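Student: Below is the structure I would like to discuss, written out as structure tokens.
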Amino acid sequence: DAKTTQPTSMDCAEGRAANLPCNHSTISGNEYVYWYRQIHSQGPQYIIHGLKNNETNEMASLIITEDRKSSTLILPHATLRDTAVYYCIASAKTSYDKVIFGPGTSLSVIP
Amino acid sequence: DTGVSQNPRHKITKRGQNVTFRCDPISEHNRLYWYRQTLGQGPEFLTYFQNEAQLEKSRLLSDRFSAERPKGSFSTLEIQRTEQGDSAMYLCASSGQGAGELFFGEGSRLTVL
């Protein structure tokens, strides 16, 4: 798996967009970018993933740079319930690829 | 509930005892993962299965740890002769064939006294 780097922590005002960056400069051509989040005392929750194109679902948007060396997860209107640790992972979909988590970004949404 | 189920949710044991955790994945998922998480850290990969085959084990998985998935459905993680350093949250996740996203259970929290 490619190594990813994320800021340790971020703050965001409630109702504003939260933009969480991730660097994955050594990502391979067959590796996708996945985002998960973990609310305190719960298991991680899948958010979104993408390969090259930007993606959007009901939870978030994922913007991947053209060179695929970095990406940004966007929570368009952050709420207090979005306070969590967010993990960015680069991983292939092959059966023999394990998924490795880093320390993630601790996002605090502030009232 | 058709999500990933883990039991027990909490286990307190004395040092030296054996413990076993069970994970029931989403029924059609053929891949199953075990992770360990300590406070303030991201989940650490332990091992994973493709159906009943254990494909990889982390160096974190000492000889005291063993995982099985005998029929390619549920999995068990056993820790023998527990040590205080084994205290952690043990997370199980599953994913489907050709899919990369993992679906996690709520975890089994182990406290070794």
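Student: So A:N23 fits all but one of (1) more than 14 Å from B:G42 (Cβ to Cβ); (2) surrounded by fewer than 15 Cβ atoms within 10 Å (Cβ to Cβ); (3) touching a residue at least 12 places away in the same chain (Cβ under 8 Å); what number is the exception?
Tutor: (2)
Student: I'm trying to understand the selection: among the residues of region A:52-69, which are surrounded by 15 or more Cβ atoms within 10 Å (Cβ to Cβ) and out of contact with any Gly (no Cβ under 9 Å at 6 or more places or on another chain)?
Tutor: Those that are surrounded by 15 or more Cβ atoms within 10 Å (Cβ to Cβ) and out of contact with any Gly (no Cβ under 9 Å at 6 or more places or on another chain): A:E55, A:M59, A:A60, A:S61.
Student: Report, ordered by the first and then the second residue, all pairs with beta carbons closer than 8 Å, sequence separation of six or more or different chains, a first member in region A:62-78 that is closer than 13 Å to A:T26 by Cα, and a second member that is basic (K, R) and modelled with pLDDT under 95.
Tutor: Partner pairs satisfying both residue conditions: A:R68/A:K52.
Student: Is one or more of the residues making up region A:29-40 more than 30 Å from B:C23 (Cα to Cα), in contact (Cβ under 8 Å) with a residue 24 or more places away in the chain and outside any loop (DSSP other than H, G, I, E, B)?
Tutor: Within region A:29-40, none of the residues are more than 30 Å from B:C23 (Cα to Cα), in contact (Cβ under 8 Å) with a residue 24 or more places away in the chain and outside any loop (DSSP other than H, G, I, E, B).
Student: Could you say whether any residue in region A:5-15 is more than 14 Å from the chain's Cα centre (by Cα) and closer than 30 Å to B:N51 by Cβ?
Tutor: No; the residues of region A:5-15 include none that is more than 14 Å from the chain's Cα centre (by Cα) and closer than 30 Å to B:N51 by Cβ.
Student: Return the residue satisfying two criteria in turn: it lies in region B:63-78 and is basic (K, R) and either out of contact with any strand residue (DSSP E or B) (no Cβ under 9 Å at 6 or more places or on another chain) or buried (at least 19 other Cβ atoms within 10 Å of the Cβ) (or both), and of such residues it is farthest from the other protein chains (Cβ to nearest Cβ). Before the answer, list the steps.
Tutor: Pass one, region B:63-78, residues basic (K, R): B:64, B:69, B:71.
When the remaining residues are screened for being either out of contact with any strand residue (DSSP E or B) (no Cβ under 9 Å at 6 or more places or on another chain) or buried (at least 19 other Cβ atoms within 10 Å of the Cβ) (or both), the result is B:69, B:71.
Working: B:R69: 14, B:K71: 18 Å.
Across region B:63-78, the extreme among qualifying residues is B:K71.
Student: Could you please give the count of residues in region A:68-89 that are touching a Phe, Trp or Tyr at 6+ places or on another chain (Cβ under 7 Å) and among the aliphatic types (A, V, I, L, M)?
Tutor: Within region A:68-89, residues that are touching a Phe, Trp or Tyr at 6+ places or on another chain (Cβ under 7 Å) and among the aliphatic types (A, V, I, L, M) number 2.
Student: Also: Identify, from the list B:Y35, B:Y48, the residue that is in contact with a strand residue (DSSP E or B) (Cβ under 6 Å, 6 or more places away or on another chain), of a type outside the set (S, T, N, Q) and closer than 20 Å to A:I39 by Cα.
Tutor: One residue alone meets the criteria, B:Y35.
Student: Exactly one condition in (1) more than 30 Å from B:N51 (Cα to Cα); (2) within 14 Å of another protein chain (Cβ to nearest Cβ) is false for A:P76; which is it?
Tutor: It fails just one condition, (2).
Student: Which ones in region B:79-108 are within 14 Å of chain A (Cβ to nearest Cβ), among the aliphatic types (A, V, I, L, M), touching a Ser or Thr at 6+ places or on another chain (Cβ under 9 Å) and not in a loop (DSSP other than H, G, I, E, B)?
Tutor: Hits for region B:79-108 are B:A88, B:M89, B:L91.
Student: Pairs, please: C-beta under 8 Å, at least 6 apart or cross-chain, first residue without any contact (Cβ under 8 Å) to a residue 40 or more places away in the chain and of a type in the set (D, E) and in region B:84-99, second part of a strand (DSSP E or B) and crowded, with 19+ Cβ neighbours inside 10 Å?
Tutor: Taking only residues 6 or more apart or on different chains, the pairs are B:D86/B:I79; B:D86/B:L110; B:D86/B:V112.
Student: Still on this structure: Would you check if there is a residue in region B:18-30 being closer than 19 Å to A:H40 by Cβ and either assigned to a strand (DSSP E or B) or in contact (Cβ under 8 Å) with a residue 40 or more places away in the chain (or both)?
Tutor: no
One line per residue, one yes/no per condition, for (1) surrounded by 19 or more Cβ atoms within 10 Å (Cβ to Cβ); (2) of a type in the set (A, V, I, L, M, F, W, C); (3) within 14 Å of chain B (Cβ to nearest Cβ):
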| position | (1), (2), (3) |
| --- | --- |
| A:Y36 | yes, no, yes |
| A:S41 | no, no, yes |
| A:P44 | yes, no, yes |
| A:S71 | yes, no, no |
| A:Y86 | yes, no, yes |
| A:A90 | yes, yes, yes |
| A:P103 | no, no, yes |
| A:S106 | no, no, yes |
| A:P111 | no, no, no |
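The values are calculated or read from the model by the stated rules, or taken from the named source; none is laboratory data. Worth saying up front: this structure is predicted, and the values here are computed from it rather than measured. Note: ideal-geometry Cβ built from the backbone for every residue, glycine included; neighbour counts use all protein chains shown.
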